[in-house]
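Asker: Pasting in a structure now, in structure tokens, and then I'll have a few things to ask.
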Amino acid sequence: MALSESYLSDDLHPIDIVESLATECEWDFDRLGQDQIAMAIEGQWRTYSITLAWSEYDETLRLICTFEMEPPEARLPAIYETLNEINDQSWAGALSFWSEQQLMVWRYGLILAGGQMACPDQIDTMIRAAVLSAERYYPALQLVAWGDRTPADAMQVAIAEAYGRA
């Protein structure tokens, strides 16, 4: 059964849908208000903090997925170059570095203009895509920050597909 089949009402608030998904998936979450929810989702490399917020003003469901990163100051130009390469490959979201907070941030906005409703499957895909993207690029960012690898070299790790099990 698709996630959307378990919802009977067409007028659910997007954050209500997120809360139901978080409960169903057993993710740790905190409903911060009517229009915002924060979650922690365990990945392979680390636990990611995810916040979703609904903006009635521009009818957008915003997602940010963050993880801490404190690269050496001297490696920041290479980190920014790597972020440019990552964003060139990404069509559904973008990664940026918030230096003041020492956070890598995956951002995505689902525009629901004209009174459109997001379905649970869309929101689930949005959350999972954010975590998968963070997981995919985390090793490349680590190699650039602490492995003294070039952005192009480190990106080969993110581009490579792993097959089988170790």
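The values are calculated or read from the model by the stated rules, or taken from the named source; none is laboratory data. Remember, predicted model here, so these are calculated numbers, not experimental data. Here the Cβ positions follow ideal geometry from the backbone for every residue, glycine too, while neighbour counts run over all protein chains shown. The area values use the complete protein model at the heavy-atom level, side chains included, leaving out ligands, DNA and RNA. Shrake-Rupley method; radii C 1.70, N 1.55, O 1.52, S 1.80 Å.
Asker: Within 14 Å, Cβ to Cβ, of residue 93, how many net charges do the neighbouring residues add up to if Lys/Arg are +1 and Asp/Glu are -1?
Answerer: Numbers: positive: 62, 107, 128, 136; negative: 88, 135.
Overall, the nearby charge balance is +2.
Asker: Amide H of residue 32: which non-local residues (sequence gap of 5 or more, or other chain) have their own amide H closer than 5 Å, using H built in the peptide plane?
Answerer: Correct list: 37, 38.
Asker: Quick one, which of [x] 17.0; [y] 18.7; [z] 15.5 is the actual Kirkwood radius over Cα pairs in Å calculated for this model?
Answerer: Only one listed value fits the structure, namely [x].
Asker: Which of 13, 55, 89 sits farthest toward the positive end of the charge dipole of the chain, with +1 on the Cβ of Lys and Arg and -1 on the Cβ of Asp and Glu?
Answerer: The residue sitting farthest along the positive end of the dipole is 89.
Asker: Using only Cα atoms, tell me the angle between helix 76-89 and the longest principal axis of the chain; keep it within 0 to 90° and round to the nearest 10.
Answerer: Roughly 50 degrees between the two axes.
Asker: Could you give the accessible area per residue of the chain, probe 1.4 Å, as a whole number in Å²?
Answerer: On the way: 9550 Å² over 166 residues.
Accessible area per residue: 58 Å².
Asker: Continuing with this model, one more query. Per DSSP helix of 4 or more residues, -39500 (n - 2.57); summed, then divided by the residues of the chain. What does that give at 222 nm, rounded to the nearest 500?
Answerer: On the way: 4 runs with 62 residues, N = 166.
After summing the helix terms and dividing by the residues of the chain, the value is -12500 deg cm²/dmol.
Asker: Which angle from 0 to 90°, rounded to the nearest 10, does the C-alpha axis of helix 120-146 make with the longest principal axis of the chain?
Answerer: Approximately 10 degrees, to the nearest ten.
Asker: Would you mind telling me the share, in percent, of accessible area of the range 107-156 contributed by carbon and sulfur at probe 1.4 angstrom?
Answerer: Working: 1260 of 2360 Å².
That share works out to 54 percent.
Asker: Now a separate question. Against the longest alpha carbon principal axis of the chain, how many degrees, from 0 to 90 and to the nearest 10, is the axis of helix 14-25 turned?
Answerer: 70
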